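Take a look at the structure set out below.
The values are calculated or read from the model by the stated rules, or taken from the named source; none is laboratory data. What you see is a predicted model; the values in this text were computed from it and never measured. We place every Cβ from the backbone using ideal geometry, glycine too, and count neighbours over all the protein chains shown.
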Amino acid sequence: MSPRSASVNEELRRRSRERLLQATVELVGERGYEATTLGDIADRAGAARGLVSYYFPGKRHLLQSAVHRLMHRTLADALRREPAPTGPDAGRELLARAIDAILGLAQDHPTLMRTHMAGILQQDGFVQCDEQQRLAGLLRDTVARYGSASPETDYPLLRALLMGAVVAVLLPGAPMPLSRLRAELFARYGLDWRQGVPPEAAPPAGTPPLPAGIQR
């Protein structure tokens, strides 16, 4: 039996890593962070337990990579959803989709996203991983297509605003309504409420007016 080629080995490693990331999303969403062990994750992924340590230095790093992968994939699906936006408002539609995709994760995966945000604020901070870089690239490209003259400056601001909105949606005891936070973000960027995936037929009362020249 001839040995596997380098490309086959690389593909097997990629699939093993993907299974570990997916298992992390599932288990932390079901059980919470503390109740999920690295052994549980390896078992759910059908992988040897030693592979977890091979790919990731610890559970916190694994969780952040898993959530960034989920965010990247969710955002990518939203941006390429049919019908593809065209015309002068295409960039605004893409930004609206991006905002809705990230806010939607807070609504669809509250335990996972709450755990992720809490982890970022701890000592280890923000993990720079391949999944995070892919997510950053999509958001940066979206800001550029929206019309930013300085995507490298404007992208971190959008990221910060989205992170703040996710925290506000998930804040225990005093959550902000998603529709209100969406309205604030849409008003800031001059987006029409009907763009993206509106959670309601009309914006909530008290929504800030759009900038001059943009009709709602």
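A few points about this structure:
- Test for Ala149: is it surrounded by 13 or more Cβ atoms within 10 Å (Cβ to Cβ) and of a type in the set (A, V, I, L, M, F, W, C): no
- Residue satisfying condition, being closer than 25 Å to Glu184 by Cα, charged (D, E, K, R) and under 18 Å from the mean Cα position of the chain (by Cα), within set Arg69, Arg114, Arg92: Arg114
To keep it simple, each residue is scored yes or no on (1) polar (S, T, N, Q); (2) in the same structural domain as Leu135 (by TED's automatic domain parsing); (3) surrounded by fewer than 19 Cβ atoms within 10 Å (Cβ to Cβ).
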residue: Arg19; (1), (2), (3): no, no, yes
residue: Glu30; (1), (2), (3): no, no, yes
residue: Leu38; (1), (2), (3): no, no, yes
residue: Ala47; (1), (2), (3): no, no, no
residue: Ala66; (1), (2), (3): no, yes, no
residue: Leu75; (1), (2), (3): no, yes, no
residue: Asp89; (1), (2), (3): no, yes, yes
residue: Glu93; (1), (2), (3): no, yes, no
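- Helices (runs of 4 or more DSSP H) wholly inside the range 92-194 that include at least 1 residues being farther than 22 Å from Arg73 by Cα: 151-170, 178-189
- With respect to the conditions (1) in contact with a His (Cβ under 8 Å, 6 or more places away or on another chain); (2) hydrophobic (A, V, I, L, M, F, W, C); (3) within 30 Å of Leu191 (Cα to Cα), Val25 lacks only one, and its number is (3).
- Test: residue in the range 136-159 that is in contact with a Leu (Cβ under 8 Å, 6 or more places away or on another chain) and of a type in the set (S, T, N, Q): yes
- Among the residues of the range 68-85, none qualifies, meaning not one is among the hydroxyl-bearing types (Ser, Thr, Tyr) and at pLDDT below 95.
- In the range 202-211, the qualifying residues are those that are exposed (fewer than 13 other Cβ atoms within 10 Å of the Cβ) and farther than 19 Å from Leu95 by Cα, and the one that is modelled with the lowest pLDDT is Gly206.
- Test: Leu62 is closer than 23 Å to Cys129 by Cβ and not assigned by TED's automatic domain parsing to the domain that holds Ala165: no
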